[in-house]
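Engineer: Handing you a structure now.
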Amino acid sequence: MAIEVHQFPCLSDNYCWLVRDEAADVTAVVDTPEVEPINRALEEKGWRLTHILNTHHHFDHAGGNEALKERWGCTIVGADMDAARIPGIDVRVKEGEVYKFGKSNARVFEVPGHTSGHIAYHFEDDGIAFVGDTIFALGCGRLFEGTAEQMWDSLEKLMGMPDDTTIYCAHEYTQANAAFALSVEPGNPELVERCAEIDRLRADGVPTVPTTLAREKATNPFLRPSSANLQETVGLVGAPLVEVFAETRRRKDNF
Ligand code: ZN
Ligand code: FE
């Protein structure tokens, strides 16, 4: 394990992370929802910000880019395909590229759907992925700029990571997601058990992020269009997975 991850909340329901490679003396922040909490976290840790790794252009992910760059002179990494909307971008990365962060390797996935230029960073050697607003605990991002087909392709790409990958998703939406998940797959015992655990954690104010890919594959309805119970609930038994996904996403929008 070459990198250390420090998680803290920003805004009303975002999470933000400092990613530290001690041996190489580099520290990144994954997205910049809010400047003050990021500076405070850096000061608490005694770390100097060297990089910003952006997942997408939304204000709660890139809104602090310029102020942080001005203070720290850090390098901003973002999607080549969305460079025009990533404030202060220095390094443009593409699908399949490996971005060298200190001694660590961050593989880049282009995962359009939530936005057309969304990317995820997979630190393969550390078994960690930063997925922005693509996968949430028991949920997935809203389709603001992409189609259900694109989002399903993106989710399938992320599902190709090892099952024990730790997934850092950018919002604490889990309890609301859990209510929806239970409504579409009530016959999934692992989901039922997980929802009870989520209620306990949230009652104590404990984050439900990060999660793991294995846990999401077992309980997240957006990764489970092959579930017979889910197909029944949404009235699409035997339909192509992308259609089941699309209908599940539509239902969530109106839940
Ligand atoms: Zn977003
Ligand atoms: Fe967001």
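Engineer: Any chance segment 99-109 includes a residue that's within 29 Å of Arg250 (Cα to Cα) and surrounded by fewer than 24 Cβ atoms within 10 Å (Cβ to Cβ)?
Structural biologist: yes
Engineer: Kindly indicate the residue of segment 24-44 that is among the hydrophobic types (A, V, I, L, M, F, W, C) and open to solvent by 10 Å² or more (accessible area, probe 1.4 Å) and also nearest to Tyr121 (Cα to Cα) among those meeting that condition.
Structural biologist: Checking each candidate, the answer is Val26.
Engineer: Please verify whether Ile76 is in contact with a strand residue (DSSP E or B) (Cβ under 7 Å, 6 or more places away or on another chain), of a type in the set (A, V, I, L, M), within 16 Å of ligand 2 (Cβ to nearest atom) and outside any loop (DSSP other than H, G, I, E, B), treating the condition exactly as stated.
Structural biologist: Details: in contact with a strand residue (DSSP E or B) (Cβ under 7 Å, 6 or more places away or on another chain): yes; of a type in the set (A, V, I, L, M): yes; within 16 Å of ligand 2 (Cβ to nearest atom): no; outside any loop (DSSP other than H, G, I, E, B): yes.
The answer is no for Ile76.
Every residue, every condition in (1) free of Cβ contacts under 8 Å to residues at least 12 places away in the same chain; (2) in contact with a Ser or Thr (Cβ under 6 Å, 6 or more places away or on another chain), yes or no:
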position: Pro9; (1), (2): no, no
position: Asn14; (1), (2): no, no
position: Val29; (1), (2): no, no
position: Trp47; (1), (2): no, yes
position: Leu53; (1), (2): no, no
position: Glu66; (1), (2): no, no
position: Gly73; (1), (2): yes, no
position: Val77; (1), (2): no, no
position: Asp80; (1), (2): no, no
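Engineer: In addition: Only one residue in Ala218, Ala181 is in contact with a Pro (Cβ under 9 Å, 6 or more places away or on another chain), small (Gly, Ala, Ser) and under 25 Å from His122 (Cβ atoms). Which one?
Structural biologist: Values: Ala218 fails: in contact with a Pro (Cβ under 9 Å, 6 or more places away or on another chain).
Step by step, each of Ala218, Ala181 is checked, and only Ala181 is in contact with a Pro (Cβ under 9 Å, 6 or more places away or on another chain), small (Gly, Ala, Ser) and under 25 Å from His122 (Cβ atoms).
Engineer: Also, I was wondering about something else. Restricting to segment 11-44, give me the number of residues that are more than 16 Å from ligand 1 (Cβ to nearest atom) and over 22 Å from Lys100 (Cβ atoms).
Structural biologist: 9
Engineer: Can you find even one residue in segment 183-197 that is among the charged types (D, E, K, R), in contact (Cβ under 8 Å) with a residue 60 or more places away in the chain and either surrounded by fewer than 20 Cβ atoms within 10 Å (Cβ to Cβ) or outside any strand (DSSP E or B) (or both)?
Structural biologist: no
Engineer: Scan the strands (runs of 3 or more DSSP E) fully inside segment 104-173 and keep the ones with 2 or more residues being β-branched (Val, Ile, Thr) and more than 17 Å from Ala246 (Cβ to Cβ).
Structural biologist: 128-132, 166-169
Engineer: Restricting attention to segment 186-200, does a residue exist that is within 16 Å of ligand 2 (Cβ to nearest atom) and out of contact with any helix residue (DSSP H, G or I) (no Cβ under 7 Å at 6 or more places or on another chain)?
Structural biologist: No, segment 186-200 contains no residue that is within 16 Å of ligand 2 (Cβ to nearest atom) and out of contact with any helix residue (DSSP H, G or I) (no Cβ under 7 Å at 6 or more places or on another chain).
Engineer: Given the residues Ala246, Ala176, Ala170, which is the only one that is in contact (Cβ under 8 Å) with a residue 60 or more places away in the chain and in contact with a strand residue (DSSP E or B) (Cβ under 9 Å, 6 or more places away or on another chain)?
Structural biologist: Step by step, each of Ala246, Ala176, Ala170 is checked, and only Ala170 is in contact (Cβ under 8 Å) with a residue 60 or more places away in the chain and in contact with a strand residue (DSSP E or B) (Cβ under 9 Å, 6 or more places away or on another chain).
Engineer: Scan segment 45-80 for residues that are within 16 Å of ligand 1 (Cβ to nearest atom) and surrounded by fewer than 18 Cβ atoms within 10 Å (Cβ to Cβ) and jot them down.
Structural biologist: Within segment 45-80, Phe59 is the sole residue that qualifies.
The values are calculated or read from the model by the stated rules, or taken from the named source; none is laboratory data. Here the structure is a predicted model, which is why all the values come from computation and not from measurement. Neighbour counts run over all protein chains shown; Cβ positions are idealised from the backbone, glycine included. Surface areas here come from the heavy atoms of the whole protein model, side chains and all, with no ligands, DNA or RNA. Shrake-Rupley method; radii C 1.70, N 1.55, O 1.52, S 1.80 Å.
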